[in-house]
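I have placed the structure first, in the form of C-alpha cells, so that the comments after it can refer back to it.
The values are calculated or read from the model by the stated rules, or taken from the named source; none is laboratory data. These numbers come from a predicted model, not from an experiment. Note: ideal-geometry Cβ built from the backbone for every residue, glycine included; neighbour counts use all protein chains shown. With ligands, DNA and RNA removed, areas are computed over all heavy atoms of the protein, side chains included. Shrake-Rupley method; radii C 1.70, N 1.55, O 1.52, S 1.80 Å.
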There are 2 protein chains.
Amino acid sequence: MLPVQPDRFLADLHNLRRFGAAGVAKGVIRPAFSDADVAAREWLAAQMTEAGLKPRFDAVGNLFGLAKGRGILLGSHSDSQPAGGWLDGAFGVIAALEVARAAQDAGGPPVSVVSFQDEEGRFGATVGSGVWTGAVPLAEADNAVDDAGVTLASARRAMAHLAGDPVPSDRFTGFIEPHIEQGPWLEQAGHAVGVVTTIVGLRQIEVTLDGQQNHAGTTSMALRRDAVQGMVAIASALNARLAEVATERTVWTIGRVVVSPNAGSIVPGRCVFSVQWRDADSARLDRMETIIRDTVAEVAAARGLRLNVGEQPALPPVAMDAHLQDLLARSAEDFAPGRWQRMPSGAVHDAGYVARVLPVAMLFVPSIGGISHDFAEDTDEADLVAGLRVLAGAVARTG
Amino acid sequence: MLPVQPDRFLADLHNLRRFGAAGVAKGVIRPAFSDADVAAREWLAAQMTEAGLKPRFDAVGNLFGLAKGRGILLGSHSDSQPAGGWLDGAFGVIAALEVARAAQDAGGPPVSVVSFQDEEGRFGATVGSGVWTGAVPLAEADNAVDDAGVTLASARRAMAHLAGDPVPSDRFTGFIEPHIEQGPWLEQAGHAVGVVTTIVGLRQIEVTLDGQQNHAGTTSMALRRDAVQGMVAIASALNARLAEVATERTVWTIGRVVVSPNAGSIVPGRCVFSVQWRDADSARLDRMETIIRDTVAEVAAARGLRLNVGEQPALPPVAMDAHLQDLLARSAEDFAPGRWQRMPSGAVHDAGYVARVLPVAMLFVPSIGGISHDFAEDTDEADLVAGLRVLAGAVARTG
C-alpha cells in the first residue's frame with residue numbers, strides 16, 4: 001500500500017485553489033495561459049521537484065513531473081473554465097501528485113504526473129493532450145483564436161521561457177485520470193467512486209435556417225417563413241423522436257441560438273443553432289444523427305426555410321483499458337466496498353486523446369448536485385480522499 | 001377635382017430617394033437626424049415654399065408645410081429604416097406635397113403637409129408624432145438612446161438651427177396618412193388601394209427563463225432545467241393555443257431570443273425572449289394576453305424555471321374616423337372602381353398618435369411581395385398614382 005497523506009493532499013488542493021480564486025464560494029478563474037494559470041503551473045512544478053519528480057514543460061504548456069524509470073502516468077489539467085470550480089481538473093492533478101509523492105516515499109513504483117494545458121477550451125477543448133498525442137499538430141492548434149481574438153500561438157508566449165524538450169509517451173505504461181464526475185449519477189446512487197468504462201462520443205452540427213425577415217405587424221402567420229419558429233419545430237420534433245432511441249444516459253442539447261435581426265417587431269429571417277448529442281455507443285450516435293439530419297431537412301422544407309448544416313469535429317466513444325479498469329475496480333472494492341460503480345463519462349476528458357498512445361482509465365468522485373463549470377462546484381472531502389485511496393491502491397497494483 | 005400631376009409626383013418621389021440612396025435596388029439609408037435625413041427635410045422645405053406653403057420645423061424635427069387657413073393635414077414621415085425602402089413614409093409625404101400643390105393651383109381647399117420625425121424608431125417608434133401630440137413629453141423623449149448610445153437630445157442638435165415655434169394641432173381639421181401597405185393583402189387581392197379601418201393594437205412582453213446552466217455531457221435529460229427548451233415548449237404551446245382565438249389577420253411573434261451562456265456544450269441557464277401580439281380588437285388582445293401569460297407561467301412551473309415577465313408599452317387599436325374613411329372610400333370607388341378594399345393596418349403609424357388630437361384616416365397602396373423595411377421594397381408606379389388620385393379626390397370632397 002502506498003502511504004498517501006490525505007491532509008497533505010487536501011492542503012495542496014486548497015493551495016492550488018488560491019491561484020485565480022474568484023472570491024465566490026470556492027470558485028476559480030484560471031483559464032489556460034492566464035497569469036493565474038502560469039503561476040499555478042510554476043507552483044506545481046515546484047511541488048514536483050520537492051516530491052523528487054523532474055518537472056518538464058512542453059511547447060504547448062503541458063507540465064509533466066517525471067519519475068525515474070518507465071511507469072504509470074497520472075493526472076488531469078490545472079486550467080479552469082472562465083468561471084469555474086476548484087476541482088475540475090485540479091482534483092486529478094493533486095491526487096496524482098500525492099500518489100507520486102507516496103510512491104517516492106515508498107521507493108516505487110515510478111509514478112509520473114501531468115497537468116495538461118487548456119483542457120477547458122480557451123482554444124478548443126483538450127488542446128494540450130491533443131497536441132501531446134499528435135492528434136492535433138501544434139502548427140494547426142496555433143491558429144485557434146479565443147473569444148477575444150487572441151491566437152494560441154500568441155497566448156503560449158506567456159510560457160515560452162518554461163518550454164523544454166518534448167516528452168515521449170513511450171516512457172509511460174498507461175494513464176489514469178482521476179476527475180470529478182460533473183454529473184449527478186454517483187451522488188444519486190450514494191457512491192463515493194466511479195470506474196469509467198467509456199468516454200461517450202460527441203457529435204455536433206450547426207444548423208442555419210434562413211427564412212424571410214419581415215414586418216411583425218403586416219406579415220400574416222400563413223405567409224411567414226420565420227426562422228425561430230423553424231428552430232422551435234425542430235427542437236420539439238427532436239425531443240419526441242430522439243426519446244425513442246435514447247437510454248437514460250443519452251443526451252442532446254441545443255446550447256447555442258443566435259437570431260437575426262433579433263428585434264421584437266421583426267419576423268426573424270435567420271436562426272443559427274447548435275445541436276449536440278452524446279452517447280457511449282457509436283451505433284446509437286449514428287441512429288441519432290439520421291434522426292437529427294432528417295428532422296432538420298424535413299422541417300426546413302415544410303416551412304420554406306433555406307437550410308445549411310455546418311459540420312463540427314466529432315469525437316468517437318473511447319473505451320477504457322480493461323486491465324486498468326480492473327485495477328481500479330479491485331482497489332475500489334478495497335477502499336469503498338459497496339460504494340462504487342462502473343459508469344460512462346458523459347464529459348470529454350484528456351484521457352480521450354491519451355487513449356491514442358497509451359492504455360487509459362478514469363476514476364470519478366461525486367459532484368454535489370451534479371454541478372460543475374460553476375463557482376458552486378464541490379465534492380465532499382471524504383469522497384475526495386476515497387478517490388485518492390482508490391487511485392493509490394490501483395497504482396500499487398501496477399508496481 | 002384637384003389637378004394633381006402624376007409625373008411631377010413621381011419625379012419628386014425619385015428626387016427624395018436620392019437623399020441617402022443605398023445604391024442597392026431603390027433602397028435608402030436615411031435614419032432620423034442623419035445627414036441624409038436633414039438634407040432631405042431641407043429639400044422638402046424648399047419644395048413646400050415653392051408650392052406656396054410655409055415650412056416650419058418644430059423642436060423635435062417634424063417638418064410642416066402650412067397652408068393659409070384651417071384645413072386638412074396630409075403626410076407621413078421622410079426618415080427611413082437603417083436599411084430601408086424608398087416608399088415607406090416617403091410615398092405619403094410626396095403624395096401630400098402633390099395634393100397640396102394641386103390645391104394651391106386650384107385655389108383651395110387649404111391643404112397642409114407634414115413629415116414627422118423618427119417614425120422608424122431610432123429613438124423609439126413614431127417619436128415625432130408622439131411629441132407633437134403631447135403623448136410623449138419632449139423632455140422624456142430626449143433621454144431615449146439609439147443603438148450607438150446617442151441620446152435624442154444630442155441627435156436633434158443637428159436640426160437645432162432649423163427649429164421654429166410649435167405648430168398647434170387645432171389649425172387642422174383632420175389628418176390623412178397615405179402609406180404603403182408593407183404587407184401582402186392588397187397585392188394578393190389584386191387591389192390598388194386600401195382604406196384603413198383600424199390600426200391594430202400591439203402588446204409585447206419580455207420573458208426571462210432562468211434554469212440551471214450545466215454540462216451538456218454529464219447532465220441527464222431528466223435532471224435538466226434547460227431555459228431554451230422552456231422557450232421551445234412555450235412557443236409550441238402558444239402556436240396551438242393562440243390559433244384557437246386568432247383571425248387570419250391576428251399575428252404573434254417571437255422576434256428576439258437571447259441565450260446565455262450560449263455555447264454548444266452547455267445546457268442553457270437563461271433564455272430571454274420577446275412575445276409580441278397584434279390584433280384590431282382589444283377584446284381579442286385581452287384573450288391572447290391571458291393565454292400567453294398562463295402558458296408562460298405553466299411551462300416555467302412545470303420545468304422548474306424561474307420566470308420574470310417584463311412589460312413593454314402597449315399600443316391600443318386605433319379606429320380611423322368614419323367620415324374621413326367614407327371620403328376615401330367614395331374617392332376610391334371613383335378612381336379605382338372594384339380595385340379597393342377596407343382593411344386594418346397591421347403596422348403602427350404616426351396616424352395612431354395623431355388620432356389623439358385630430359380625426360385621422362389612412363390610405364394604403366400595395367407592397368410588391370409584401371416586402372418592406374428592406375432595400376427591395378417597391379410598389380408599381382401605377383398603384384402609387386392611383387393612391388395619389390384617390391387621396392386628391394378625398395381631399396377635394398373636404399373642401
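Among the conditions (1) modelled with pLDDT of 95 or more; (2) of a type in the set (A, V, I, L, M); (3) surrounded by 23 or more Cβ atoms within 10 Å (Cβ to Cβ), the only one that residue B:347 does not satisfy is (1).
Scanning for something in contact with an Asp or Glu (Cβ under 6 Å, 6 or more places away or on another chain) and open to solvent by less than 10 Å² (accessible area, probe 1.4 Å), does region A:352-359 turn up at least one residue? Don't jump to the end; show me each part of the working.
We begin by selecting, within region A:352-359, every residue in contact with an Asp or Glu (Cβ under 6 Å, 6 or more places away or on another chain); these are A:359.
Retained after the next criterion (residues that are open to solvent by less than 10 Å² (accessible area, probe 1.4 Å)): none.
No - not one qualifying residue is present in region A:352-359.
Within region A:170-207, the residues that satisfy the criterion of being of a type in the set (Val, Ile, Thr) and open to solvent by 20 Å² or more (accessible area, probe 1.4 Å) are A:173, A:197, A:198. The residues on offer are B:174, B:183, and the sole one that is among the small types (Gly, Ala, Ser), within 11 Å of another protein chain (Cβ to nearest Cβ) and either outside any helix (DSSP H, G or I) or touching an Asp or Glu at 6+ places or on another chain (Cβ under 6 Å) (or both) is B:183. Within region A:208-226, the only residue that satisfies the criterion of being under 26 Å from residue A:315 (Cβ atoms) and surrounded by fewer than 23 Cβ atoms within 10 Å (Cβ to Cβ) is A:208. If you go through region A:265-283 and keep only what is surrounded by 18 or more Cβ atoms within 10 Å (Cβ to Cβ) and more than 20 Å from residue A:214 (Cα to Cα), you end up with A:273, A:274, A:275, A:276, A:277, A:278, A:279, A:280.
Scan region A:379-399 for residues that are in a loop (DSSP other than H, G, I, E, B), open to solvent by 10 Å² or more (accessible area, probe 1.4 Å) and within 24 Å of residue A:22 (Cβ to Cβ) and jot them down. Write out each step before concluding.
Keep residues of region A:379-399 that are in a loop (DSSP other than H, G, I, E, B), which gives A:379-380, A:399.
Applying the additional criterion that residues be open to solvent by 10 Å² or more (accessible area, probe 1.4 Å) yields A:380, A:399.
Correct list: A:380 only.
Selection of region A:122-134 for residues being open to solvent by 30 Å² or more (accessible area, probe 1.4 Å) and part of a loop (DSSP other than H, G, I, E, B) yields A:125, A:134. Pull up region B:323-344, narrow it to residues that are open to solvent by 40 Å² or more (accessible area, probe 1.4 Å) and hydrophobic (A, V, I, L, M, F, W, C), then point me to the one that is nearest to the chain's Cα centre (by Cα). The selected residue is B:340.
Note on region B:265-286: residues that are within 10 Å of chain A (Cβ to nearest Cβ) and within 20 Å of residue A:220 (Cα to Cα) amount to 5. If I filter region B:187-201 for residues that are within 7 Å of another protein chain (Cβ to nearest Cβ) and acidic (Asp, Glu), do I get at least one hit? For region B:187-201, residues within 7 Å of another protein chain (Cβ to nearest Cβ) and acidic (Asp, Glu): absent. Counting the residues of region B:211-246 that are out of contact with any Asp or Glu (no Cβ under 7 Å at 6 or more places or on another chain), among the β-branched types (Val, Ile, Thr) and part of a loop (DSSP other than H, G, I, E, B) gives 2. The single condition from (1) at pLDDT below 95; (2) within 14 Å of chain A (Cβ to nearest Cβ) that residue B:165 fails is (2). Of all residues in region A:296-322, exactly one satisfies the criterion of being closer than 18 Å to residue A:358 by Cβ and surrounded by fewer than 13 Cβ atoms within 10 Å (Cβ to Cβ), namely A:322.
Screening residue B:234 on (1) open to solvent by 10 Å² or more (accessible area, probe 1.4 Å); (2) more than 25 Å from residue A:180 (Cα to Cα); (3) more than 7 Å from every other protein chain (Cβ to nearest Cβ) shows it passes everything except condition (1). Report yes if residue B:218 is facing chain A (nearest Cβ under 7 Å) and more than 16 Å from residue B:348 (Cα to Cα), otherwise no. Answer is yes for this residue.
Select from region B:247-264 the residues that are within 7 Å of chain A (Cβ to nearest Cβ) and either over 17 Å from residue A:274 (Cα atoms) or open to solvent by 50 Å² or more (accessible area, probe 1.4 Å) (or both) and list them in ascending order.
As a first pass, look at region B:247-264 and keep what is within 7 Å of chain A (Cβ to nearest Cβ): B:248-249, B:251, B:253-257, B:259, B:262-264.
Result: B:248, B:249, B:251, B:253, B:254, B:255, B:256.
If the condition is being open to solvent by 10 Å² or more (accessible area, probe 1.4 Å) and closer than 13 Å to residue A:98 by Cα, then region A:34-48 contributes only A:47. Annotation note: of A:174, A:121, A:164, A:130, the sole residue that is in contact with a strand residue (DSSP E or B) (Cβ under 6 Å, 6 or more places away or on another chain), under 16 Å from residue A:61 (Cβ atoms) and not charged (D, E, K, R) is A:164. For region A:137-146, the set of residues classified as in contact with a strand residue (DSSP E or B) (Cβ under 8 Å, 6 or more places away or on another chain) and of a type outside the set (S, T, N, Q) consists of A:141, A:142, A:144, A:145, A:146, listed by residue number.
Consider residue A:187 carefully, then state whether it is at pLDDT 95 or above, within 28 Å of the chain's Cα centre (by Cα) and more than 22 Å from residue A:296 (Cα to Cα). Spelling it out, residue A:187 is indeed at pLDDT 95 or above, within 28 Å of the chain's Cα centre (by Cα) and more than 22 Å from residue A:296 (Cα to Cα).
How many residues does region B:347-378 contain that are part of a loop (DSSP other than H, G, I, E, B), more than 13 Å from chain A (Cβ to nearest Cβ) and of a type in the set (Phe, Trp, Tyr)? Give the derivation first.
Just the residues of region B:347-378 that are part of a loop (DSSP other than H, G, I, E, B), to begin with: B:347-349, B:355-359, B:366-367, B:371-378.
Imposing the further condition that a residue be more than 13 Å from chain A (Cβ to nearest Cβ) reduces the set to B:355-359, B:378.
Next, only the ones that are of a type in the set (Phe, Trp, Tyr) stay: none.
Matching residues across region B:347-378 total 0.
Consider only pairs whose beta carbons are under 9 Å apart and that are at least six residues apart or on different chains; among these, list those whose first residue lies in region A:316-340 and is under 10 Å from residue A:195 (Cβ atoms) and whose second residue is part of a helix (DSSP H, G or I) and of a type in the set (Ser, Thr, Tyr). Qualifying pairs under 9 Å: A:324/A:398; A:327/A:398. For region A:256-266, check the following and say yes or no: at least one residue is farther than 30 Å from residue B:147 by Cα, charged (D, E, K, R) and not in a strand (DSSP E or B). No: zero hits. Condition test on residue A:289, is it among the acidic types (Asp, Glu) and modelled with pLDDT of 95 or more? Yes; evaluated as a whole, the condition is true for this residue.
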